[in-house]
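Reviewing the structure listed below.
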Amino acid sequence: MTAEIIDGKAIAATIRQEIAQEVVEMREKAGRVPGLATVLVGERPDSATYVRMKKRACAEVGIDSFSYDLPADISQADLLVLVQELNDNPAVDGILVQLPLPDHIDEETILSAISLEKDVDGFHPLNIGRLSMKGRDPLFVPCTPKGCIELLDRTGVTIDGKNAVVLGRSNIVGLPVAMLLLHRNATLTICHSRTQNIPGVIRQADILIAAVGRAEMVKGDWIKPGAVVIDVGVNAVDDASKKKGYRLVGDVDFDEAREVAGAITPVPGGVGPMTIAMLLRNTMDGARRTENIA
Ligand code: NAP
């Protein structure tokens, strides 16, 4: 069997088109467009790149972005003042504080200060708490996990009643994606660094979500024939044939797994583009809620 390739780039492009249309409609109905505030503390090149990509994606769909590039030595108190101002600013529907923050700033304190209604990253403890409880919908779901589920839905994969295995249990990816699968009635197993016989567990999976940060850890013979594989991992491996000296691979050995799986996401071009598309989705949804647009 050769797996269907789940084209995250194409699916994300479709979602961006849908959002661009909703932005036009919102301008007509509410006389304004959604706004996203991006807060970057310090000069980490990777963080600066992520923020730049997010601002560019906003511009493409017509969402306003307001950027705050702050020095690495800003005090926690001053950062909290800015978050409060953004909470009070009616032009801002979403607040994104790019992580990680410098060591002298407590991430939990900052993330908890973001208004629940503007928590487009979905990391506010109350939103995560609601995600973990039956019958309590969070206002926002973290972008990468939401993107994984969206990929399954838009590929026509049934989640209800399936055996799902999530490899990884981080607050950002593994845990929230596991909660989402559970809400959708999957039978769920979460693997982590202390799990015994991970290959044996993964062989039971109809749906595998790999978010472990270990290059090509999941081998082809770990995959159940016909399974759907969503590879969240982004790992740089040395490759002298590339100009940069490295290439990006996922947590799954793609060449092996595609011979066994029913469908699989590539890296790059799978989950990655969905993360930014879901940030736009969350910002749009926040604005719709504020403006009472159904
Ligand atoms: P993380 O915070 O480092 O968490 C990794 C998880 O994997 C932990 O739960 C850890 O278990 C588990 N783990 C590590 N080594 C393991 C092993 N050998 N066997 C079993 N479990 C193991 O990573 P993350 O933030 O979730 O990110 C995971 C990957 O996704 C990374 O490659 C990251 O770059 C990528 N990512 C991609 C996107 C995107 O938009 N495409 C977004 C976010 C992250 P313990 O809990 O027991 O330590």
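The values are calculated or read from the model by the stated rules, or taken from the named source; none is laboratory data. Here the structure is a predicted model, which means the values were calculated and not measured. For neighbour counting, all protein chains shown are included, and Cβ atoms are generated from backbone atoms with ideal geometry for every residue, glycine included. Just the protein is used for accessible areas: all its heavy atoms, side chains included, with ligands, DNA and RNA removed. Shrake-Rupley method; radii C 1.70, N 1.55, O 1.52, S 1.80 Å.
Okay, here's what the table says:
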| item | result |
| --- | --- |
| Segment 212-242: number of residues that are surrounded by fewer than 17 Cβ atoms within 10 Å (Cβ to Cβ), assigned to a strand (DSSP E or B) and within 10 Å of the ligand (Cβ to nearest atom) | 1 |
| Helices (runs of 4 or more DSSP H) lying entirely in segment 120-198 (those with 2 or more residues that are within 14 Å of the ligand (Cβ to nearest atom)) | 143-154, 174-183 |
| Any hit, segment 52-75, residues being surrounded by fewer than 16 Cβ atoms within 10 Å (Cβ to Cβ), at pLDDT below 95 and in a loop (DSSP other than H, G, I, E, B) | no |
| Failed item, numbered, when Gln21 is tested on (1) open to solvent by 30 Å² or more (accessible area, probe 1.4 Å); (2) touching a residue at least 24 places away in the same chain (Cβ under 8 Å) | (2) |
| Filter pass, Gly272 being open to solvent by 20 Å² or more (accessible area, probe 1.4 Å) and within 30 Å of Glu22 (Cα to Cα) | yes |
| Residue, farthest from Ala30 (Cα to Cα), within segment 255-294, restricted to residues that are hydrophobic (A, V, I, L, M, F, W, C) and part of a loop (DSSP other than H, G, I, E, B) | Val260 |
| Some residue of segment 142-165 being more than 16 Å from Val229 (Cα to Cα) and free of Cβ contacts under 8 Å to residues at least 24 places away in the same chain | no |
| Segment 243-256, residues that are away from the ligand (no atom under 16 Å from the Cβ) and over 20 Å from Asp46 (Cβ atoms) | Asp255, Glu256 |
| Any hit, segment 251-269, residues being buried (at least 20 other Cβ atoms within 10 Å of the Cβ) and under 14 Å from the mean Cα position of the chain (by Cα) | no |
| Leu208 vs. criteria under 19 Å from the mean Cα position of the chain (by Cα), more than 6 Å from the ligand (Cβ to nearest atom) and assigned to a helix (DSSP H, G or I) | no |
